[in-house]
1. Taking the beta-carbon count within 10 Å as an exposure proxy, list Thr30, Thr77 from fewest neighbours to most.
2. Would you order Ile306, Ile329 from fewest to most other beta-carbon atoms within 10 Å of each residue's own beta-carbon?
3. Residue by residue through the stretch 348-356, which ³J(HN,Hα) values in whole Hz follow from phi under the Karplus form 6.51 cos²θ - 1.76 cosθ + 1.60 (θ = phi - 60°), with glycine and proline marked x?
4. Please pull out the direction-averaged projected area of the stretch 218-370, using the convex hull of its alpha-carbon atoms, in nm² to one decimal place.
5. Sort Ile299, Ile318, Ile159 so the one with the fewest other Cβ atoms within 10 Å of its own Cβ comes first.
6. Near the amide H of Asn260, under 5 Å away, which other amide H atoms are found, from residues 5 or more places off or on another chain, if H is placed in the peptide plane?
Amino acid sequence: MVMWCIGGVVFIIASWSVARFAAPVVAVSTGLGAAATAIIGYLQCERVLRPVAVAALRSGVPENVKAPGVILRQILTWMLSTAVPVLAIVLAVVADKTSLLHATPEKLFTPILLLALAALGIGLVSTLLVAMSIADPLRQLRWALSEVQRGNYNAHMQIYDASELGLLQAGFNDMVRDLSERQRLRDLFGRYVGEDVARRALERGTELGGQERDVAVLFVDLVGSTQLASTRPPAEVVHLLNEFFRVVVETVGRHGGFVNKFQGDAALAIFGAPIEHPDSPGGALAAARELHDELLPVIGSAEFGIGVSSGRAIAGHIGAQARFEYTVIGDPVNEAARLTELAKLEPGHVLASAIAVSGALDAEALCWDVGEVVELRGRRAPTQLARPVTLAAPEDVVSQEVSSEVRG
């Protein structure tokens, strides 16, 4: 622009000394050329220097740096393609009417025609450059949004504009960063309390208390973990427990339940809460049978017990406003825990209550044999035992040791 200004002054002075009437024409022509060069040069340099701008704006758009915004770019384009050429034509007509140019209309035809054609060409180029400077970041934004919709929170927009378009790019990156952090926290939250509980808490909020629901409870406990800890290296014990819980979580999840909590070397799984289950007793019973087969090759010489019960229980958030957890409280939980203790003394290591079997659909109920009635420790009502058909023992399988445990 400095060179154009210097050149314009020189040309105007030179034309003034030769033909004063031509000075306005020279001034307007110089202004049109300067404006076209400046605007088109700026837009083209902006595209060429985008890699440099990306590196400079990597950390965001500085507050004290501003570039021409969308509105200003449109105004400058209008001035270049419309205002300046039309003004030049108006001045030419006025100069002709006032005899300032001392030219006939026929002589003005060619300059005005050339000026109009130049305005069309310059307007087309400048409009295309402005449109691309706006469309490019919007096209990139549309791609990034589609990636986020697919669950890709690593989508990132390059910031190469210091105008409101750059602020839009930086704002999108900040939004995706926050979404990624929220998703990470949600995933971590789900790992701690279970995906169903986490999703329900995020959708409906959390309140202390619970609802009475029909649920099935599966309790599984590893035998002799204390002895293992005293005879094996800690890393080996931790690995064994992790493998044990991995099998439990995967097996329970396949049958529509979720592991509510880990208690040392034991796990409590719930079917029917917080998400409804079409056959919660059947799901728990099927998980118990499959869990027996899955655990045998994993825990090696260690033993375990699995107990299944079903019935009415309170499911909800228990604790204080500052700290609470989702859990199930009721007789089925107690009965499942007692059945697990009894199952540790069984050859098959799996026991269920006859009520749970009777509440399951026929496809699963037929896989269980109902046996004797016993009194479990801590419960007033007697419990009729049930065992998987493939693991059912003879009538005299309940040894004296088992009987003493039941009576105790």
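1. Details: Thr30 18, Thr77 22.
The order, fewest Cβ neighbours first, is Thr30, Thr77.
2. On the way: Ile306 29, Ile329 13.
Lowest count first: Ile329, Ile306.
3. Values, residue by residue: x, 6, 9, 9, 9, 7, 5, 5, 5 Hz.
4. On the way: hull surface 38.6 nm².
Averaged projected area of the stretch 218-370's Cα convex hull equals 9.7 nm².
5. Values: Ile299 18, Ile318 15, Ile159 23.
If I rank by nearby Cβ atoms, fewest first, I get Ile318, Ile299, Ile159.
6. Close amide H contacts, sequence-distant or interchain: Leu268, Ala269, Ile270.
We did not get these values from a lab; they are worked out from the coordinates using the rules stated. Values in this document were obtained by computation on a predicted structure and should not be read as measured data. Here the Cβ is made from the backbone with ideal geometry for all residues, glycine too, and neighbour counts use every protein chain on show.
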